[in-house]
Amino acid sequence: MIRPKYNQLISERIKRFQEGDVFITSDFSDVATVSAINMSLSRLLAEKKIRRIIRGIYEKPKYNRMLKEYETLDIEKNASAIARNYNWSIAPSGETALNLLKISTQIPAIWSYVSDGPYKEYEYDGIKIKFKHAAQKETSGLSYMTALIIQGIKAIGKENISKKEINKIKSILLEKDKRSIVMEAHGTTAWIYEVIKKVTE
C-alpha cells in the first residue's frame with residue numbers, strides 16, 4: 001500500500017525537529033488538511049514516534065539512553081506551543097519567572113504564565129500549567145526576556161527588591177539586549193521601570 005504523500009512530508013518534517021521539541025497541528029497546515037494531519041499524527045502516535053501532550057499539542061520525545069527512559073517534558077516549550085496554538089502572547093509569572101531568572105531554585109508546583117488569552121489550566125504527567133489573563137501591556141509587543149524580567153520584578157515586589165536580585169538579573173543579560181529591554185519596558189509600572197533601568201545600566 002502506497003502511503004499518501006502528506007504522510008511522508010509530515011514524517012520528514014518531524015525528523016528534522018530536535019528531540020524534546022513541542023509542536024502543534026497547524027505547523028503542518030501547508031502540507032495537508034486538518035483531518036489528514038490528524039490521521040498522520042495518529043499513526044505516528046501509535047508508532048510511539050511522538051507523544052500527545054494535550055489536544056493539538058505533540059512532542060518529539062527525547063530519549064535518555066543512560067536511564068533508558070524518555071525525559072520529562074520541557075515546560076517552557078510546552079507553554080509556548082499552547083500559546084502558539086491559540087495565538088496568545090504569554091510571559092512566565094510569579095514563582096515560574098523567579099525560577100527561570102535563577103533568583104529562586106525552587107521548582108514551581110504550578111508553572112504560571114500571564115496571557116492575553118482566557119484563564120486556562122492544563123495538566124500532563126503530573127505537571128500543571130496555568131495561564132492567567134492579564135492586561136495586554138504585560139505581554140503584547142514585548143520580547144520574551146523583557147516580559148520575563150517585568151514579571152520577575154513584579155513577583156519580588158517593590159518592598160523586597162534588593163541589589164542582590166538586581167545583580168542576579170543583570171548577570172543573565174547580554175549587553176546587546178539591554179537597550180531594547182529599556183525601550184520595550186517604557187510603558188510598564190513606574191517602579192518596575194526604575195528597577196529595569198538599574199538592571200540594564
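The values are calculated or read from the model by the stated rules, or taken from the named source; none is laboratory data. Here the structure is a predicted model, which is why all the values come from computation and not from measurement. Here the Cβ positions follow ideal geometry from the backbone for every residue, glycine too, while neighbour counts run over all protein chains shown. Heads up: the accessible areas ignore ligands, DNA and RNA and are worked out on the full protein's heavy atoms, side chains in. Shrake-Rupley method; radii C 1.70, N 1.55, O 1.52, S 1.80 Å.
For a quick check of your reading of the filter: which chymotrypsin sites (Phe, Trp or Tyr not before Pro) in the stretch 69-156 sit in a DSSP loop and have no more than 16 other Cβ atoms within 10 Å? Kindly include the intermediate steps, with their values, before the conclusion.
Working: sites: Tyr70, Tyr86, Trp88, Trp111, Tyr113, Tyr119, Tyr122, Tyr124, Phe131, Tyr144; in loops: Trp88, Tyr119.
Sites meeting the loop and neighbour criteria: Tyr119.
Relative contact order for the chain: 14 percent, from Cα pairs under 8 Å spaced at least 6 residues apart, divided by residue count. A crude spin-label estimate for the pair Trp191 and Asn87, with each label 7 Å from Cα along the Cβ direction, gives 3.7 nm. Positive-end ranking of Ser143, Met183, Ser112 along the dipole of the stretch 71-201, with charges on Cβ about the Cα centre, is headed by Met183.
Using a 1.4 angstrom probe on heavy atoms only, work out the carbon and sulfur share of the accessible area of the chain in %.
Values: 6180 of 12000 Å².
Here it works out to 52 percent.
For the pair Lys102 and Ala36, what calculated FRET efficiency results from E = 1/(1 + (r/R0)^6), where r is the Cβ-Cβ distance and R0 = 41 Å, to the nearest 0.05? Present the calculation step by step, with values, prior to reporting the outcome.
Details: r = 44 Å, r/R0 = 1.06.
Using R0 = 41 Å, I get an efficiency of 0.40.
Would you mind calculating the gained length between Ile172 and Tyr6 on full extension (0.36 nm times residue separation, minus the Cα-Cα distance), in nm to one decimal? Can you show the working numbers first?
Numbers: separation 166, 0.36 × 166 = 59.76 nm, distance 4.25 nm.
Taking Ile172 through Tyr6 to full extension adds about 55.5 nm, to one decimal.
For the chain, the ratio of Cα radius of gyration to the globular rule of thumb 2.2 N^0.38 Å stands at 1.19. The antiparallel fraction among DSSP beta bridges confined to the chain stands at about 75%.
Got the relative contact order for the stretch 1-100 handy, in percent, Cα pairs under 8 Å and 6 or more residues apart? Show your work: numbers first, answer last.
Numbers: 93 pairs, mean separation 26.9, N = 100.
Worked out over the stretch 1-100, it gives 27 percent.
Between Gly157, Gly126, Gly56, the GNM of the chain built on Cα springs shorter than 10 angstrom shows Gly126 fluctuating the most. Entry comment: accessible area of the chain is 60 Å² per residue, from protein heavy atoms only and a probe of 1.4 Å.
Pairs exceeding a 28 Å alpha-carbon distance, out of Lys5/Lys128; Lys60/Lys130; Lys137/Lys176; Lys77/Lys178; Lys68/Lys128: Lys5/Lys128. Taking the square roots of five times each eigenvalue of the Cα gyration tensor of the stretch 147-201, the equivalent ellipsoid has semi-axes of 16, 14, 9 Å, listed largest first.
Between rounded, prolate and oblate, where does the stretch 1-105 land on the alpha carbon gyration tensor, with a ≥ b ≥ c its root eigenvalues, rounded for a/c under 1.5, else prolate if a/b exceeds b/c?
Values: a/c = 3.07, a/b = 1.59, b/c = 1.93.
Verdict is oblate for the stretch 1-105.
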